[in-house]
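Below is one structure, written out as structure tokens, with a few remarks after it.
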Amino acid sequence: QVQLVESGGGLVQAGGSLRLSCAASGRIRSINDMCWYRQAPGKQRELVAVITSGGSTNYADSVQGRFTISRDNAKNTASLQMNSLKPEDTAVYYCNADIVVFAIRRNYWGQGTQVTVSS
């Protein structure tokens, strides 16, 4: 079986930085896209950033210029560097990835890590 585990969340003041990590484990053949989503209380889950297996990236307008997604294919990990954090960035951040297990590609979610930004 495959699991995704997020880490790095916490409490930070507005203007501060956090770095989130996502580690995939299990019988992994390869990983295609890796993504970060977030969900605030009372809000829908939204896509924050995407990185392809080749390293191409895309970001939500709300985080463009402040967040950076990266990955380490050898370690099956992805990171989200968050700078200039704002109170509206407060949410549970989830890692999502399309992972090839044997010859089948499946989508997986991590359990989420809480990010709280105080004013």
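The values are calculated or read from the model by the stated rules, or taken from the named source; none is laboratory data. This is a predicted model, so every value here is computed, not measured. As a convention, Cβ positions derive from the backbone with ideal geometry for all residues, glycine included, and neighbour counts pool all protein chains shown. Side chains are part of the model used for accessible areas, which takes the heavy atoms of the whole protein and leaves out ligands, DNA and RNA. Shrake-Rupley method; radii C 1.70, N 1.55, O 1.52, S 1.80 Å.
Among the residues of the range 72-95, the ones that are open to solvent by 40 Å² or more (accessible area, probe 1.4 Å) and more than 15 Å from Ser7 (Cβ to Cβ) come to 7 in all.
Among the residues of the range 1-12, those that are open to solvent by 50 Å² or more (accessible area, probe 1.4 Å) and within 21 Å of Val100 (Cβ to Cβ) comprise Gln1, Gln3, Val5. Take the residues in the range 78-103 that are among the hydroxyl-bearing types (Ser, Thr, Tyr) and over 10 Å from the mean Cα position of the chain (by Cα), then tell me which one is farthest from Val117 (Cα to Cα). Here the residue is Ser84. Taking the criterion of being in contact with a helix residue (DSSP H, G or I) (Cβ under 9 Å, 6 or more places away or on another chain) and either farther than 15 Å from Leu80 by Cα or open to solvent by 40 Å² or more (accessible area, probe 1.4 Å) (or both), the residues of the range 13-43 that qualify are Ala14, Ala40. Within the range 96-108, the only residue that satisfies the criterion of being of a type in the set (Phe, Trp, Tyr) and surrounded by fewer than 15 Cβ atoms within 10 Å (Cβ to Cβ) is Phe102.
Among strands (runs of 3 or more DSSP E) entirely within the range 1-103, having at least 1 residues that are without any contact (Cβ under 8 Å) to a residue 24 or more places away in the chain and not hydroxyl-bearing (Ser, Thr, Tyr) singles out 46-51, 57-59, 67-72. Is it the case that some residue within the range 28-48 is modelled with pLDDT of 95 or more, within 13 Å of the chain's Cα centre (by Cα) and of a type in the set (Gly, Ala, Ser)? Scanning the range 28-48 turns up no residue that is modelled with pLDDT of 95 or more, within 13 Å of the chain's Cα centre (by Cα) and of a type in the set (Gly, Ala, Ser). Within the range 104-119, the set of residues being closer than 12 Å to Asn32 by Cα and touching a residue at least 12 places away in the same chain (Cβ under 8 Å) comprises Arg105, Arg106, Tyr108. Is it the case that some residue within the range 55-66 is in contact with a Ser or Thr (Cβ under 6 Å, 6 or more places away or on another chain), at negative phi and modelled with pLDDT of 95 or more? Taking every residue of the range 55-66 in turn, at least one turns out to be in contact with a Ser or Thr (Cβ under 6 Å, 6 or more places away or on another chain), at negative phi and modelled with pLDDT of 95 or more.
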